[in-house]
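Since the structure comes first, as structure tokens, the remarks are kept for the end.
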Amino acid sequence: MEYWFTISTNQIPAYNPNAVDVPLNDNANAIIKSVSKTLAGVPDACSLGVFVYAGAEAEKEESSANGFVGYLGSYDTQAGGSNNLLLDGGNDSAGGGGALGRNSVEGLVFLPAFAGGKAGFVAGFSNEGLSFGLYGGGPLRKGTVAPAVGVGVYATISTMGGCQRRQQGHYLHEIYTSSRLLRGGLLLFLLRIDRKALL
């Protein structure tokens with residue numbers, strides 16, 4: 001009954017397929033551009049990720065100074081998977097370094113806080129945003145130079161532009177990987193044809 005009363009007493013616009021779309025005036029366009037620029041600079045949660053690392057850790061016993069060089073693999077909900085070279089150095093209180101990838105460089109800060117310095121907080125910074133997380137790991141045995149492994153999780157906070165760069169990096173990586181696979185497949189195909197021709 002209420003529905004019938006509403007439609008009988010109010011003018012409800014009907015869809016007109018012949019209607020002409022009217023563009024926004026200059027003031028409305030200026031407002032929309034201003035709002036979109038403002039929103040593009042507002043930090044927001046961009047992605048979540050996990051990482052693993054493995055390599056060699058060198059430690060100077062008398063000073064607690066240490067350094068690490070090795071592999072850092074990560075999976076990010078926006079950027080996808082990545083393989084990086086991890087370099088860092090520090091002491092029992094803090095450490096710093098960087099992850100060097102094919103298309104990116106990310107600065108890292110480690111703050112040991114738990115399990116006798118084997119776990120703690122990690123922060124990363126790049127043009128794609130700021131990442132904050134937790135890590136755990138360390139050398140597998142005592143010694144001046146020892147193998148070391150670890151894992152961690154993180155969240156990235158970024159602007160809309162930074163998050164788009166993170167996602168575009170993922171697409172560029174996929175395109176690069178796909179082109180390498182296609183080239184490899186083509187090369188194997190040609191070698192197979194060549195081999196048949198020779199036999």
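The set of residues from the stretch 34-73 being touching a strand residue (DSSP E or B) at 6+ places or on another chain (Cβ under 8 Å), free of Cβ contacts under 8 Å to residues at least 40 places away in the same chain and hydroxyl-bearing (Ser, Thr, Tyr) comprises just one member, 71.
If you go through the stretch 93-103 and pick out every residue that is within 22 Å of residue 58 (Cβ to Cβ) and surrounded by fewer than 16 Cβ atoms within 10 Å (Cβ to Cβ), you end up with 4. For the structure I just gave you, tell me whether residue 17 is part of a loop (DSSP other than H, G, I, E, B) and either at pLDDT 65 or above or touching a Phe, Trp or Tyr at 6+ places or on another chain (Cβ under 8 Å) (or both). So residue 17 fits the description; yes. Given the conditions (1) in a strand (DSSP E or B); (2) of a type in the set (S, T, N, Q); (3) closer than 21 Å to residue 141 by Cβ, report the number of the one that residue 63 does not fulfil. All conditions pass for residue 63, except number (1).
The set of residues in the stretch 42-78 that are among the aliphatic types (A, V, I, L, M), under 22 Å from the mean Cα position of the chain (by Cα) and closer than 20 Å to residue 99 by Cα comprises 48, 50, 52, 54, 69, 72. The set of residues in the stretch 74-91 that are part of a loop (DSSP other than H, G, I, E, B) and of a type outside the set (Gly, Ala, Ser) comprises 77, 78, 91.
When the stretch 104-130 is filtered for residues that are out of contact with any Leu (no Cβ under 9 Å at 6 or more places or on another chain) and crowded, with 19+ Cβ neighbours inside 10 Å, the ones remaining, listed by number, are 110, 112, 126, 128, 129. Taken over the stretch 43-60, the criterion of being buried (at least 17 other Cβ atoms within 10 Å of the Cβ) and part of a loop (DSSP other than H, G, I, E, B) is satisfied by no residue.
Scoring residue 86 on the criteria (1) touching a residue at least 60 places away in the same chain (Cβ under 8 Å); (2) surrounded by 17 or more Cβ atoms within 10 Å (Cβ to Cβ); (3) among the hydrophobic types (A, V, I, L, M, F, W, C) leaves a single failure, condition (1).
The values are calculated or read from the model by the stated rules, or taken from the named source; none is laboratory data. None of the values given here were measured: they were computed from a predicted structure. No Cβ is skipped: glycine too gets one built from the backbone with ideal geometry, and neighbour counts run over all protein chains shown.
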